[in-house]
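The values are calculated or read from the model by the stated rules, or taken from the named source; none is laboratory data. This structure is a prediction, so every number in the text was calculated from the model and none was measured. Heads up, the Cβs are rebuilt from the backbone with ideal geometry, glycines too, and the neighbour counts pull from every protein chain shown.
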C-alpha cells in the first residue's frame, strides 16, 4: 500500500532535513538536501525535493492499510509541528 502528498514551500529542503533528522533520533533515517528515507516500525517514508518547483513529495509505504494510516499519521503530526511559519494542509493520494 502506498500514498503520497506534496508540500509546496520555498522551505521544502528544510522540511526534509528537519523531519529526517528528528525521526533519525528514534528510527533509521538517511537523507541529504534532496532526498530522504525513514524506516518506521509500521512502514517507510520516502521524501524527495524538487527545487525547481519548491516542493517536497512524501511517499508512504506499508504492508497494510492500518500500517499505512500509522505512517501517514506520524508524518501529518510532525509536518504540523514543524510548519509553524506557514499553514500546510497535507492531501494524501494513492500512488498510481
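Quick check on the stretch 15-29: of everything there that is in contact with a helix residue (DSSP H, G or I) (Cβ under 9 Å, 6 or more places away or on another chain) and surrounded by fewer than 19 Cβ atoms within 10 Å (Cβ to Cβ), which residue is nearest to residue 67 (Cα to Cα)?
22
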Could you give every pair whose Cβ atoms fall below 8 Å, whose first residue belongs to the stretch 1-28 and is free of Cβ contacts under 8 Å to residues at least 12 places away in the same chain and on the phi < 0 side of the Ramachandran plot, and whose second residue is crowded, with 17+ Cβ neighbours inside 10 Å and outside any loop (DSSP other than H, G, I, E, B), counting only separations of at least 6 or pairs across chains?
21/29; 21/31; 28/38
Just checking, does the stretch 64-71 include any residue being surrounded by 11 or more Cβ atoms within 10 Å (Cβ to Cβ), closer than 18 Å to residue 22 by Cα and touching a helix residue (DSSP H, G or I) at 6+ places or on another chain (Cβ under 6 Å)?
no
Kindly establish whether residue 32 is surrounded by fewer than 17 Cβ atoms within 10 Å (Cβ to Cβ), farther than 12 Å from residue 3 by Cα, out of contact with any strand residue (DSSP E or B) (no Cβ under 7 Å at 6 or more places or on another chain) and at pLDDT 95 or above.
yes
How many residues are over 10 Å from the mean Cα position of the chain (by Cα) and within 24 Å of residue 94 (Cβ to Cβ) if we restrict to the stretch 1-34?
7
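Can we say residue 61 is surrounded by 13 or more Cβ atoms within 10 Å (Cβ to Cβ), touching a helix residue (DSSP H, G or I) at 6+ places or on another chain (Cβ under 6 Å) and at pLDDT 95 or above?
Spelling it out, it is not the case that residue 61 is surrounded by 13 or more Cβ atoms within 10 Å (Cβ to Cβ), touching a helix residue (DSSP H, G or I) at 6+ places or on another chain (Cβ under 6 Å) and at pLDDT 95 or above.
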What is the one condition in (1) surrounded by fewer than 17 Cβ atoms within 10 Å (Cβ to Cβ); (2) touching a residue at least 60 places away in the same chain (Cβ under 8 Å); (3) within 16 Å of residue 11 (Cβ to Cβ); (4) over 11 Å from the mean Cα position of the chain (by Cα) that residue 83 does not satisfy?
(1)
